[in-house]
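Below you'll find the structure, written out as structure tokens, and then a few comments.
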Amino acid sequence: MVRAIQFDRFGGPEVLQYREVAVPEPGAGQARVKHTAVGVNFIDVYHRTGLYPLALPSGLGSEAAGVVVATGAGVTHVKPGDRVAYNAAGSLGSYSEERLVDARWLVKLPPGIDDRAGAAMMLKGLTAWYLLDRSYKVARGDTILLYAAAGGVGLIAAQWARHLGARVIGIVGTEEKRALAIEHGCEHVLLASDDIRARVRALTDGRGVPVVYDSVGKDTFVQSLDCLRTHGLLVSFGNASGPVAPFSLLELTKRGSLYVTRPTLGDFIRERADLEAGCAELFGLVERGVIKIEVNQTYALADAASAHRDLEARRTTGSTVLLP
């Protein structure tokens with residue numbers, strides 16, 4: 001038996017239970033992984049609250065790092081003893097000491113990347129990759145607008161975008177987070193309480209930006225549209241304030257023939273080749289020091305509820321990991 005976080009009903013952090021669970025031997029295509037660090041992400045909150053419905057009872061979390069304990073038939077790219085990390089898109093249960101994972105999600109961690117960084121970067125780092133490379137291909141000279149610029153995705157994306165030669169305008173909630181965002185690649189950082197529309201227009205000579213990366217959702221959707229230039233793209237990739245309400249497509253017409261997309265990481269790493277390509281880029285930049293993975297909060301696995309409370313209260317910066 002091992003310990004894991006599970007929940008039987010949707011609700012606040014108090015629904016998370018620390019329990020003993022059984023982990024069977026791996027079947028064909030599976031691997032059993034002993035976790036050394038587990039990533040915490042806002043999507044975990046969406047699952048816990050039922051915003052993203054799932055069958056109950058359920059485990060939680062999709063991202064972790066650890067060591068392969070055993071493999072099932074047909075698994076050849078990893079073996080027992082390998083250090084690995086994963087984001088098992090759509091398969092929950094990483095909030096645990098050990099678990100079975102579909103081995104297709106596992107990638108070997110390079111020696112230069114420690115387990116805590118590995119656990120913190122698979123969802124957030126690959127999200128930054130698909131935002132900057134696949135949703136909208138950021139080019140040298142672009143000016144981009146990035147919400148939650150001091151968060152886990154935000155710090156990685158800002159560093160990556162600066163490396164690509166872009167000018168990053170970040171949005172954060174506090175002065176302390178402003179300093180962190182500037183340190184990690186943002187040229188300008190606005191507070192969420194500012195007149196964002198006016199400030200962005202002023203910083204772009206009235207034109208607006210070609211792309212907005214918005215992880216806030218309901219509260220910022222219209223504001224984000226107003227920050228775009230003609231033919232600009234809003235990439236809405238999170239719901240921190242709640243899901244975006246239905247809207248008229250004429251809102252896009254009257255602001256300059258805009259585009260909106262609502263992507264999710266799983267669609268960009270569905271094929272093993274795409275997962276490997278994204279990881280190769282991400283791992284290479286981290287190993288070369290271009291991107292620093294900031295693990296600014298750690299909690300014991302048993303204290304997952306505390307991690308969720310701090311995350312939802314905006315008391316965190318960078319990445320958060322649980323330690324089994």
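The residues of the stretch 170-217 that are closer than 24 Å to Ile43 by Cα and among the hydroxyl-bearing types (Ser, Thr, Tyr), listed by number, are Thr174, Tyr213, Ser215. Among the residues of the stretch 226-247, is there at least one that is among the hydrophobic types (A, V, I, L, M, F, W, C), modelled with pLDDT of 95 or more, over 16 Å from the mean Cα position of the chain (by Cα) and over 26 Å from Glu312 (Cβ atoms)? Yes, the stretch 226-247 has at least one match. Here His77, His47 are screened, and the one residue that is part of a loop (DSSP other than H, G, I, E, B) and not hydroxyl-bearing (Ser, Thr, Tyr) is His77. Out of curiosity, is Arg19 assigned to a loop (DSSP other than H, G, I, E, B), over 21 Å from Glu294 (Cβ atoms) and of a type in the set (Lys, Arg)? Considered against the rule, which asks whether it is assigned to a loop (DSSP other than H, G, I, E, B), over 21 Å from Glu294 (Cβ atoms) and of a type in the set (Lys, Arg), Arg19 comes out as no.
A search for C-beta distances below 6 Å between a residue of the stretch 296-314 that is β-branched (Val, Ile, Thr) and any residue that is surrounded by 16 or more Cβ atoms within 10 Å (Cβ to Cβ), counting only pairs 6+ apart in sequence or on different chains, returns Thr298/Val321; Thr298/Leu323. Could we say that Gly152 is surrounded by 23 or more Cβ atoms within 10 Å (Cβ to Cβ) and either without any contact (Cβ under 8 Å) to a residue 40 or more places away in the chain or in the same structural domain as Leu51 (by TED's automatic domain parsing) (or both) here? When the stated conditions are applied, Gly152 does not pass them.
Looking for whichever is under 30 Å from Glu14 (Cα atoms) and at pLDDT below 95 here; the options are Ser91, Ser96, Ser58. Which one fits? Selected residue: Ser91, the only one of Ser91, Ser96, Ser58 that is under 30 Å from Glu14 (Cα atoms) and at pLDDT below 95.
A Cβ distance below 8 Å, combined with a sequence gap of six or more or placement on separate chains, defines the contacts here; from the stretch 247-260, residues that are loosely packed, with under 13 Cβ neighbours inside 10 Å reach residues that are among the aromatic types (Phe, Trp, Tyr) in the pairs Phe247/Phe221.
The values are calculated or read from the model by the stated rules, or taken from the named source; none is laboratory data. What you see is a predicted model, and the numbers here were worked out from it, not measured in a lab. Using ideal geometry, Cβ is built from the backbone for each residue, glycine included, and neighbour counts are taken over all protein chains shown.
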